[in-house]
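Notes follow once the structure below has been shown.
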Amino acid sequence: MKDFPKPNIVISKCINIEAVRYDGGIVDNEFAKILGSYVNYITVCPEVSIGLSVPRDPIVIIKENNSYKLYQPKTNLNLTDKMEEFSNKFLDSLIDIDGFLLKSKSPSCGVSGTKIFDDLYSDKPIEEGRGFFAQKALEKFGYLAIEDELSLKIIEIRHHFLIKVFAFAEFRETINRLSSVKELIDFHQRYKYLLMAYSQRALRTLGRLIAGQKELKLQELTSIYRREFYKAFADVPSRGSNVNVLQHIFGYFSRYLRNVEKDKFFRLLDDYRNGLVHITSLIRLLRDYSFRFENRYLITQRYLNPYPEEFLVYEN
Ligand code: SF4
């Protein structure tokens, strides 16, 4: 089984790293701590980076004439331009980034759930949206996994996030040291079932691209492959799509299994279909079978080994 390359993840500095919140606090997040042993964190605190102190008076987003502004009500400072300028500069400076883990609900970092007001001194939000920095990150890197620490408590979102960051990191590393088409073909084969679950269309497109690779230069091939590969992971796959892949993989072993084992698989599959268990239970079961029956092809499939084991058994 292949090891995992280290994804490069931008993280809000107030998550476990440094007490930079407006009230001088820090967010203690267990998942981000564990993730820290498997990834490289690039830390950022947009509010401190634009010159605000710790602690500081809170800032808020105001919606004025259909446009969003960032203010510090206590000082009446309009921070919109400074924050936009910093965000653009910081995001433009990033190289080889695989995802973002940002602080929820913040007027700077919030990916969702940020309160938006229509008046500087109102305490009643008119809507919920995104923080300024998060909005810019999504505009520039919308194809990457960009989540906040609260969303990652939901197992489906966490599974999707982890799949994306580890897949993109592996793709990036593969491309960076690519010396022959064969390495890209191997990569594609390892991702066959993961691609099948995420997008049958992408699997076909990438398969055709690899099959017709002789007509393309290596650089051209990798650049088209990259575009399609990233696109394939845009949406969380449906349960139906995962059931299809799980049944497909199960087909490799079914004839070797006892009836009681087959019954167990189908019961678990039904539970997954009905939302009673998470897909990680089925992944672990099928992975055990791939080792038991020494199926080298399946052992190397990323679908059965999408990210470090610790997260396959992680519970909030
Ligand atoms: S949410 Fe973002 S801006 Fe606010 S303290 Fe954390 S890192 Fe800084």
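The values are calculated or read from the model by the stated rules, or taken from the named source; none is laboratory data. Note that the structure is a prediction, hence the values are computed from the model and not measured. Cβ coordinates were reconstructed from backbone atoms using ideal geometry, including for glycine residues, and neighbour counts include every protein chain displayed. Surface accessibility is based on the protein's heavy atoms, side chains included, excluding ligands, DNA and RNA. Shrake-Rupley method; radii C 1.70, N 1.55, O 1.52, S 1.80 Å.
Overview of values
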read-out: Criterion (of a type in the set (D, E) and touching a helix residue (DSSP H, G or I) at 6+ places or on another chain (Cβ under 7 Å)) met by exactly one of D81, D119, D96, D92; value: D96
read-out: Residue check for V10: within 27 Å of the chain's Cα centre (by Cα) and within 12 Å of the ligand (Cβ to nearest atom); value: yes
read-out: Answer from F86, F100 - the residue that is open to solvent by less than 10 Å² (accessible area, probe 1.4 Å), of a type in the set (F, W, Y) and not assigned by TED's automatic domain parsing to the domain that holds I299; value: F100
read-out: Residues located in region 103-121, provided they are buried (at least 24 other Cβ atoms within 10 Å of the Cβ) and among the aliphatic types (A, V, I, L, M); value: V111
read-out: Among residues of region 18-53, those that are among the hydrophobic types (A, V, I, L, M, F, W, C), under 19 Å from S87 (Cβ atoms) and touching a Phe, Trp or Tyr at 6+ places or on another chain (Cβ under 9 Å), counted; value: 3
read-out: Residues within region 120-132 that are closer than 26 Å to L91 by Cβ and either in contact with a Phe, Trp or Tyr (Cβ under 8 Å, 6 or more places away or on another chain) or not assigned by TED's automatic domain parsing to the domain that holds K105 (or both), tallied; value: 2
read-out: Subset of region 214-227 (residues that are surrounded by 11 or more Cβ atoms within 10 Å (Cβ to Cβ) and over 17 Å from the mean Cα position of the chain (by Cα)); value: L216, L218, E220, L221, T222, S223, I224, Y225
read-out: Matching residues in region 25-46 - criterion: being near the ligand (Cβ under 10 Å from one of its atoms) and in contact (Cβ under 8 Å) with a residue 24 or more places away in the chain; value: V27, T43, V44, C45, P46
read-out: Given (1) open to solvent by less than 40 Å² (accessible area, probe 1.4 Å); (2) more than 29 Å from E30 (Cβ to Cβ); (3) not hydrophobic (A, V, I, L, M, F, W, C), index of the condition Y252 fails; value: (1)
read-out: Any hit, region 192-199, residues being over 30 Å from E315 (Cα atoms) and either in contact with a Gly (Cβ under 9 Å, 6 or more places away or on another chain) or buried (at least 18 other Cβ atoms within 10 Å of the Cβ) (or both); value: no
